[in-house]
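The values are calculated or read from the model by the stated rules, or taken from the named source; none is laboratory data. Owing to the predicted nature of the structure, the values given are computational and were not obtained by experimental measurement. Every residue, glycine among them, receives a Cβ derived from its backbone with ideal geometry; neighbour counts consider all protein chains shown. All accessible areas refer to the heavy atoms of the entire protein, side chains included, with ligands and DNA or RNA removed. Shrake-Rupley method; radii C 1.70, N 1.55, O 1.52, S 1.80 Å.
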Amino acid sequence: MIHTMPAAAVAVWLGTVVTILSRSHADRNVYPSAGVLFVHVLEREYFKGEFPPYPKSGDASNDPITFNTNLMGYPDRPGWLRYIQRTPHSDGVLYGSPTAEHVGKPTVIEITAYNRRTFETARHNLVINIMATEEFPLPYQAEFYIKNMNVEEMLASEVLGDFLGAVKNVWQPERLNAINITSALDRGGRVPLPINNLKEGVYVMVGADVPFSSCLREVESPHNQLRCSQEMEPVISCDKKFRAQFHIDWCKISLVDINKVVPVYITRPDPGTGILPEFGEYNPPSESLKSRNYFSDFLITLAVPSAVALVLFFILGYTMCCRREGVEKRNMQTPDIQLVHHSSIQKSTKELRSMSKNREISWPLSTLPVFNPVSGEVVPPLHPDNYETTSMPLMQTQTNLQNQITIPQQRPSGKWYS
């Protein structure tokens, strides 16, 4: 049952939603019941008279209006009360489920309306008097997850009435009431993409006075539990009674029997009086303090690290400067053929660098063998320094290779011949 009516009004099964504001600044009183869903709509039409009209007469006023709600004397609303307004051109909605601990405590909600065109404001108060009811809370509670609805769509009285009617046909209780409505975003859900008319989803908790029907318990069968674990839709016989308007995720349904729930009592320590126990008189320290010698602290902090750093510096310097082998010692330990090879590479490099400055030079020595690969002896060049290289062919013939030295080859028997 949705309560947003004065105390003198007659209770109905699904109460009509009334506005809380008028042109006067008098407080509005509502009397919801503990454990029952409370819905209150803030209609923009009733605030248009609080703001100046458009300059031209006859124009329809469609000012963007937003609302701010808070508990009087506090920056936010009570924990059980939520507020939603999708756009500045839509109505705002206050909704929630008060608990038994709020019974008998008037809750004053300050409602401030902002005109986003003229930047003017109007403020009114809503006094919520939570009443206790003997028949609440209902012992059997079921929570449904509806995938194709947003929370403001589900809060509409006609939509919520259709859903409660479908649940009543499946459950067949004597008393059935909406207990709470929660957006899927408040349960850690993700904002859907703006495609294919996707919805955020909403959780609706209802309570009844009779045990759960066999249809609602079908989701607890091993076959349906296996399908839910495989992310498949379970087979529910009464799903067709909801499918026309509400797409329910049966894997997320929650069935709770509060008679079987073990209450958890939290024991809190006694806060006490807040006064420290008596410890006698306070004795401040003496005014004549003893002088302290900081020389030992200086040695430990500066002298020891400096000495260690100096020793490491000398070790590093000795290793880098005093233990070098030198060029002569290096050449003595290096094979002669490797030295000759290295020397020829240096000569060829110098010759190539000089050729880049003047191309009118003799045949480059880098194209000729400069040492015997077996004996390591230096081989004289094929051509003298005054040899004319401009008329040398690219491909040498046998006559051009008369002065070429034959490289010794090894016989199969292991002897050398030339």
### Task
Per residue of the range 99-109, in order, report the coupling 6.51 cos²θ - 1.76 cosθ + 1.60 (Karplus, θ = phi - 60°) as ³J(HN,Hα) in whole Hz, putting x for Gly and Pro.
9, 5, 6, 9, 5, x, 10, x, 10, 9, 9
### Query
Within the accessible area of the range 140-260, what % is carbon and sulfur when the probe is 1.4 Å and the other protein chains stay in place?
49
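Between the DSSP loop rule and a limit of at most 15 other Cβ atoms within 10 Å, which trypsin sites (Lys or Arg not before Pro) in the range 238-339 are left? Each step should come with its number before you reach the end.
Values: sites: Lys240, Lys241, Arg243, Lys252, Lys260, Lys290, Arg292, Arg323, Arg324, Lys329, Arg330; in loops: Lys260, Lys290, Arg292, Arg323, Arg324.
Qualifying residues, ordered by number: Lys260, Lys290, Arg292, Arg323, Arg324.
With every protein chain left in place, what is the accessible area per residue of the range 140-260 in square angstrom, probe 1.4 Å? Please list the in-between numbers first.
Numbers: 6230 Å² over 121 residues.
Using a 1.4 Å probe on heavy atoms only, each residue of the range 140-260 averages 52 Å².
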### Message
What's the ranking of 35-43, 159-167 by average number of surrounding C-beta atoms within 10 Å, highest first?
### Response
35-43, 159-167
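By average Cβ neighbour count within 10 Å, what is the ranking of 169-181, 293-305 from highest down? Let's see the in-between values first.
Values: 169-181: 17.8, 293-305: 9.7.
In decreasing order of mean packing, 169-181, 293-305 become 169-181, 293-305.
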#### Entry: Simple Cβ-charge dipole of the range 166-237, Lys/Arg +1 and Asp/Glu -1, about Cα centre, in debye nearest 20
120
